[in-house]
Structures are given as C-alpha cells and as structure tokens.
1. Restricting attention to segment 631-646, does a residue exist that is assigned to a loop (DSSP other than H, G, I, E, B) and within 26 Å of residue 565 (Cα to Cα)?
2. So residue 82 ticks every box in (1) assigned to a strand (DSSP E or B); (2) more than 24 Å from residue 20 (Cβ to Cβ); (3) at pLDDT 70 or above but one. Which box is left unticked?
3. Within segment 302-316, is even one residue among the hydrophobic types (A, V, I, L, M, F, W, C), out of contact with any His (no Cβ under 6 Å at 6 or more places or on another chain), surrounded by 14 or more Cβ atoms within 10 Å (Cβ to Cβ) and more than 25 Å from residue 362 (Cβ to Cβ)?
4. Can you find a residue in segment 283-295 that is more than 17 Å from residue 395 (Cα to Cα), among the hydrophobic types (A, V, I, L, M, F, W, C), in a loop (DSSP other than H, G, I, E, B) and outside the structural domain of residue 118 (by TED's automatic domain parsing)?
5. Working only within segment 336-353, note down all residues that are buried (at least 19 other Cβ atoms within 10 Å of the Cβ) and in contact with a Gly (Cβ under 8 Å, 6 or more places away or on another chain).
6. Name every residue in segment 151-179 that is at pLDDT 65 or above, assigned to a strand (DSSP E or B) and closer than 30 Å to residue 79 by Cβ, in order of residue number.
7. Just give me the residues in segment 625-668 being within 23 Å of the chain's Cα centre (by Cα) and polar (S, T, N, Q), in sequence order.
8. Within segment 1-48, can you find the residues that are of a type in the set (Asp, Glu) and either farther than 24 Å from residue 104 by Cα or surrounded by 10 or more Cβ atoms within 10 Å (Cβ to Cβ) (or both)?
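The values are calculated or read from the model by the stated rules, or taken from the named source; none is laboratory data. The shown structure was predicted, so the numbers you read here are calculated from the model rather than taken from an experiment. Every residue, glycine as well, gets a Cβ built from its backbone with ideal geometry; the counts of neighbours run over all protein chains shown.
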Amino acid sequence: VDLPFPENTTRPVLRGGPSAIALYRGNSSSFVPGKALPVTGLLDAFVYTNNEEPNPELLETLTPGRLAYVEKRYQLGDVSMSQCNCCSVTRDSLSYILSRPTPGKFNDCPSKRFSQTVSFCLRVADCQEWLLKSEEILMTLVQALDGSCSCGSLLPTSKPKAACQDLGLVFTTLLTAKSEDQLSSLLLAFKTFLETPRLVSFDRRNITAESSCFKDINVPDLSPGVPSEIPEGTQEPVQVAKLLINEVNPDNPGGGEDAEYIELFYTGRTRFDLQGYWLVLYNGKNSRAYRVLDLSGHHTDELGYFLVGSSTMSPAPMIRLPPNTIQNGADAVALYYSNTTFYAINMAVTAEGLVDAVVYTSQMPAKADQLVKVLVPGQRILYENDSHSTEDESLSRCHSLSGKIQSSFQVTTVTPLRENFCSSSSALVPPAVRISELCLAGGATPFGFVELEGKPGTSLRGLSLVFLGKEGKAHASVPLRGTIGVTGLFMFALDGGHGHDGTNLTFKGISAASEGSSAIAVYSTSLIPGGTKATSENLVDALVYTCEPSTARGHLGFLGPSYAVPCNDGRPVSLSRCACGNASTELQFAISDPTPGLQNSCPQDAFAVDFHLCLLTPNCSTWTLHHKKMLESLGRALVSSLEEKCSCGVSELYLQELNLMCVGSLVKVWGQMWAQQLEQQQSIETWRQGFLASSHPFSVDGRLLKTSPECITPKNAPSVSHSGASFRGWEVALFVVGSLLLMFLLVSLAFYFIKR
C-alpha cells in the first residue's frame with residue numbers, strides 16, 4: 001500500500017452509496033470536513049450509489065450532467081468498481097464496471113477485441129426530446145443486460161448514436177465483454193430482450209422497445225452492417241461486424257463428393273444482405289478461377305449463416321452446386337466485395353476487393369504457391385487432415401474473426417448452418433503477451449526499449465522477440481525469460497540501456513531502429529536463426545514501422561499496418577499501444593513520448609480539435625468511386641501537413657471520425673484531431689487556423705487541391721446544399737412567375753379592346 005487509510009477513525013473511510021470519491025490538485029488546507037465541496041483543482045471524480053437516490057449536490061458539483069454509478073450487490077465474492085476507459089474519460093460513471101479487485105495492477109476490464117454493435121428502437125412520439133437522453137437509455141440497457149444474463153458487468157465503449165425515424169428513435173452503441181463466451185451470453189441476452197415488443201422503464205416512463213425500426217437505419221460510424229448508401233467502387237464497408245468464410249468442406253469420404261459445402265458467416269449474427277459480394281473458387285495448378293458465384297440478391301439466415309453446397313446435401317444450401325464441384329486441393333476459396341469489378345471464370349487470381357480467403361489441400365505435400373502469395377501472403381497452406389476423424393470433417397473457423405488469416409482455421413467435424421464444433425483447447429483467447437510500446441533511440445541518444453504487456457505473473461518462457469528488416473527477414477532474435485511484473489508490464493532496454501525494475505532484460509548490440517521498413521515480433525517458438533523469412537506461423541504479436549510514410553505493404557505487410565515514425569530528429573520517440581474512439585480497428589499504435597514502465601501516453605478526446613474544411617477539385621468522380629481509398633489518403637495528408645508545421649508528434653491514430661462528401665467541384669471534409677495534452681491541442685488549433693487561411697495547394701495522392709472559404713463549420717456533418725444553386729433556382733422561379741403575369745396582362749388587354 002502506497003498510502004494507508006487513517007487509523008482509529010470512527011467511521012469507515014470508504015462507505016457504501018450514495019457517496020463520491022474525488023481527486024484534487026491543491027493544498028490539504030482547502031479541504032475541511034463538513035464544508036461545501038470545492039470545485040477549484042478538481043481532476044477526476046466518481047459518484048456512486050446503491051439502491052438509494054444519488055446525492056444531487058455531489059452530482060451537480062463533481063460530475064455535472066452525468067449519472068451516478070449504481071452499485072449492484074448480486075455478484076458473489078469481493079468486487080470493485082473499476083475505471084475501464086482510462087484515461088481519456090474523466091468524471092463519468094459510464095466508464096466504470098464491477099470487476100474483481102486488482103490493487104496495484106491494471107484493472108480487469110472488457111476488451112474491444114470482444115465487441116459487437118447493437119441497435120434497437122424506442123417507440124416514442126417526441127423523438128427529438130429523447131435524442132438528449134442517450135446516456136440514460138444507455139445506462140438502462142446496460143443494467144437490463146447485466147441483470148438478464150448475470151454474466152458480469154459490460155462496458156459501452158463508444159458514445160451512443162441516436163437518430164429519429166418514422167417509427168421512433170433508433171439507438172445504437174458498441175458493447176464490449178471480457179471474453180468470447182461472455183460476449184455470446186450478452187448477445188443472447190440482447191436477442192431475448194428484443195424477441196417480442198416489450199415495455200421498458202426509461203426515465204420513469206414505460207416505453208415500447210423493439211427491433212423493427214432499425215433495419216434500414218444508417219447511423220454513421222457504428223453501422224451493424226453495410227451502410228444503406230455505399231459509394232460505387234468502394235472496398236468492403238468498414239464496420240464492426242463483417243462477412244467471413246466460416247467453414248470449408250471440400251472432400252467427403254467415399255467417391256460420392258455429394259456433401260461438399262462452403263459456409264459464410266456474418267459476425268453480426270443477424271440477417272445480412274449479400275449485395276456486392278462474390279465467391280470465387282480457384283484452381284491451384286494454374287491459379288485461375290474455375291467457379292464464380294455472384295451473391296447479390298441473396299442474404300444470410302437470421303443467425304448470419306449462408307451455405308453454398310452440393311444439391312443433395314442436408315441442410316439444403318442457399319446456392320446449390322452439382323456434386324463434386326468443389327475441388328479437393330491444393331486450391332482456394334476467396335470472398336470478394338465490389339460493385340464495379342467483374343469476377344469471371346478463368347480469370348487470374350487477384351487481391352482486388354478481397355475480404356477473406358482460405359487456401360487448402362486434402363493431399364500433402366500439394367502446393368499452391370501463387371494462390372498463397374496473392375491471397376494469404378506469408379502464410380502456409382491449410383491441410384484438411386482426414387485422420388482427424390472416421391467421419392466427414394471440415395476446415396472450421398475457430399481462432400479469430402479476422403479475415404485472410406489461415407491460422408484462424410482448424411479441422412473439426414462438419415457443422416453446416418450451425419456453430420462450429422471447436423475443441424476447448426482452440427477457444428478464442430487474447431494473446432497472453434503483446435507489444436505495449438517500442439521506443440526508438442534518436443540521434444546520439446544511445447537508448448531504446450521494448451515494453452510488453454500481459455497478466456501479472458505470466459511466464460515468458462518459450463517466447464522469442466524477433467527483429468525484422470525491410471526484406472522481411474530476421475536479423476536478430478532473443479529468447480525471452482522471466483515473468484510479467486506486478487504492474488502488468490515487462491520492459492527491457494536495447495543498445496545497452498538500463499531498465500526500470502528487476503524484471504527487465506537488457507540486450508546489447510541489438511538496435512530496433514533502422515532506415516526503411518522494419519518490425520519487431522513476438523513468436524511462440526525458440527530462437528529463430530538470422531536470415532529466416534518472416535511468417536505468420538506461431539506469431540503472437542507484431543509491430544511494423546518505417547521512417548518514411550508509404551502505402552506499399554512490402555514484405556512485412558502481412559504482419560499488420562506500417563506506422564511512420566520520425567527516425568532522424570535527434571530525440572527518442574515511442575510507438576505506444578492505444579485504444580482510441582472510432583478509429584479503424586486495424587490501427588493500434590500512436591506516436592508518443594517514451595513512458596517506460598508506466599501507462600502509455602495516448603491521444604484523448606478531452607483535447608479534441610474539431611475541423612471542417614472545403615477543398616476544390618476538378619470533379620468528384622474519383623472521390624465518389626474510391627471513397628474509402630481517398631479517405632485514407634486524405635487522412636495521411638492531413639497528419640503529414642500537421643506534423644510538418646508543428647512537429648508535435650502526431651500520427652494517424654490521432655485523427656478521429658474523418659469523413660468527406662464531394663459535390664460538384666467541392667470536397668467537404670470534417671473530423672477531429674485528438675491531442676495528449678493542452679499544449680499539443682493548442683499547436684493543433686494553430687495548424688488548423690493556418691491551414692484554413694493558406695492559399696498554397698494541398699497535395700492528396702499527387703492531386704493538388706486548394707482550400708475554399710465556402711465551408712461553414714457546423715457541429716454535424718455538412719449539408720449538401722449550395723447557396724449559388726439555390727439562388728439560381730429562385731431566379732428561374734421568378735422568371736416563370738413574371739412571364740405568366742405578363743401573358744395574363746396581354747390577354748386581358750386584348751379581351752378589353754375586342755369588347756370595345
């Protein structure tokens with residue numbers, strides 16, 4: 001204990017609710033028992049209660065506009081109220097959950113790895129009023145699910161989205177859990193919650209909650225499926241839930257081959273439209289397509305499953321194939337998404353529009369090197385081992401919900417249109433150890449370190465840390481030893497530096513910084529010889545970095561996204577693992593100052609800078625047809641511009657909720673740039689003002705664009721109206737009305753003179 005509670009007190013220091021705990025900066029003389037709560041110097045606060053009404057003074061002073069945390073006592077054993085959004089969120093009870101006590105350790109919190117978007121509809125007449133009650137609705141939902149399944153507290157990790165529709169208010173949020181099993185239980189509880197229309201108590205009023213009015217809703221950033229409007233030519237929509245290859249059964253016992261099938265699965269576990277998706281079967285001998293299926297017009301079943309298989313098999317597939325259609329291997333099955341690309345029989349294997357792929361064989365040592373190179377680079381072919389069972393078996397997804405990862409599959413018994421039969425040993429679990437921070441030595445500073453994170457006490461025996469060069473080959477490898485420390489971190493120094501505690505390892509003569517693209521990786525294997533080519537086999541975690549920004553994936557692309565870092569500015573810089581807002585789930589690391597042995601320094605929404613800008617472009621076709629690609633390029637260009645002006649140490653993870661709309665010759669852009677602290681926020685604001693006022697061209701993928709003063713800066717997405725267009729419309733209307741009046745006058749005059 002760093003600071004013990006006072007002894008011999010007449011009442012417990014920590015009490016049951018309604019109570020509060022607050023963190024201040026200041027002198028102890030400012031805090032007198034029995035006096036009014038001070039506001040000056042308040043850093044953080046937590047207001048909680050049990051079954052009683054919360055203290056309104058505590059709420060108003062410490063957490064204005066927020067609800068109190070309701071502590072429930074139905075959990076067995078000792079429990080704590082733990083902050084699980086640290087430290088980007090303060091003074092907010094929604095960031096706390098009940099969990100096991102973890103004194104002096106990282107809190108036992110849910111992970112975004114086990115998350116799912118959920119939506120439901122509230123049948124309300126005064127929808128606009130309910131838009132302001134998002135947090136109350138969210139808290140009610142959390143409490144309902146928590147009490148329904150009794151499977152532990154859950155955490156809503158994103159700001160809820162609410163939108164008014166014809167039938168009422170559509171409410172959407174992202175729920176997270178601590179494990180796949182817990183997430184499944186929560187989703188089952190949510191499904192039960194919405195199976196039939198029911199009355200739910202919101203804000204002391206009984207409101208009907210049901211699922212019927214969110215099917216066609218398009219809620220930005222948190223869509224549970226493909227958005228209702230997808231720019232043509234885009235890649236697969238960015239979303240939490242996704243469509244994946246779930247099971248492949250290419251070879252049946254005997255010679256009939258009449259029970260072959262390919263099963264797709266939508267991870268949102270609901271009916272899903274397959275518009276724009278294609279299923280392509282490749283021959284491993286010539287690397288060309290032998291069967292192409294356009295899935296447009298089809299949809300999954302209510303649980304998210306879709307079956308393509310032999311016409312005589314049971315259950316009946318949604319798309320029927322003649323017996324012996326799916327080849328035994330070495331071959332491949334690939335899932336694509338595109339509204340513009342046409343996939344055809346006999347085409348060469350391609351990665352354009354690729355969503356997921358499985359390269360397999362039922363006969364070793366068959367090979368399909370070109371299929372592996374294009375569809376699943378750096379990985380090995382899957383073997384459907386017929387010795388697994390005397391019955392029919394298949395390749396089933398058991399180890400992850402990530403596309404294009406061969407190690408996600410294992411041989412199991414067949415389960416068409418049902419949950420895969422994965423053995424308990426293959427259950428999806430997060431890595432026991434992962435990379436937390438990489439500090440690169442700069443200039444003459446002979447220091448750098450690698451920091452790993454994991455559960456305190458986790459053994460590192462059997463793991464190796466591998467340093468990879470730009471050619472994708474290992475140039476150094478270090479077998480790890482020891483255990484993760486009590487803080488949940490394990491830090492060791494490079495180049496002869498010194499660590500911070502007794503759990504460290506120090507390796508001399510190994511440099512993590514080099515010109516070009518490099519990577520560090522943790523493998524669950526013994527020492528890897530120098531020159532060995534990088535592979536995804538036995539890979540635990542990896543971090544790829546480069547000194548120069550590049551969109552090319554290179555030899556290390558299969559390990560994950562590449563992060564650009566300033567390698568030659570003379571100061572140490574770190575890549576730190578952060579979980580930020582609605583950023584792409586692929587991005588995990590941000591540039592920061594080194595924090596050896598401490599919590600990583602990450603960008604926070606509390607220091608966000610909103611920006612709205614307009615760019616002039618000759619036409620909108622490229623921006624519309626390649627929306628996702630142009631959005632990524634624009635993000636890189638904005639971050640590069642900011643870093644060039646202020647050198648304030650930002651990277652792509654700082655850029656949040658970026659979006660654009662192109663109309664005519666105008667590209668409207670809006671989003672947020674987060675910061676780590678106030679000084680960095682001020683530098684970003686200075687850049688924003690200078691960028692808007694600049695007359696110099698702005699380059700995005702080689703296209704020179706100029707800023708335009710036409711943009712207004714609303715809080716919400718910009719509208720699509722143009723004042724000029726509206727003005728021309730009024731001119732036409734006035735001209736038509738004037739012409740009609742003139743004609744009426746002439747006719748009246750003519751009639752008058754005729755009468756005379």
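1. No, there is no match, as no residue in segment 631-646 is assigned to a loop (DSSP other than H, G, I, E, B) and within 26 Å of residue 565 (Cα to Cα).
2. Residue 82 satisfies all of (1) assigned to a strand (DSSP E or B); (2) more than 24 Å from residue 20 (Cβ to Cβ); (3) at pLDDT 70 or above except (2).
3. The answer is yes, given that some residue of segment 302-316 is among the hydrophobic types (A, V, I, L, M, F, W, C), out of contact with any His (no Cβ under 6 Å at 6 or more places or on another chain), surrounded by 14 or more Cβ atoms within 10 Å (Cβ to Cβ) and more than 25 Å from residue 362 (Cβ to Cβ).
4. Looking for residues that are more than 17 Å from residue 395 (Cα to Cα), among the hydrophobic types (A, V, I, L, M, F, W, C), in a loop (DSSP other than H, G, I, E, B) and outside the structural domain of residue 118 (by TED's automatic domain parsing), one finds at least one in segment 283-295, hence yes.
5. 336, 337, 338
6. Answer for segment 151-179, where residues must be at pLDDT 65 or above, assigned to a strand (DSSP E or B) and closer than 30 Å to residue 79 by Cβ: 171, 172, 173, 174, 175, 176, 177.
7. 633, 640, 651, 656, 659
8. Correct list: 44 only.
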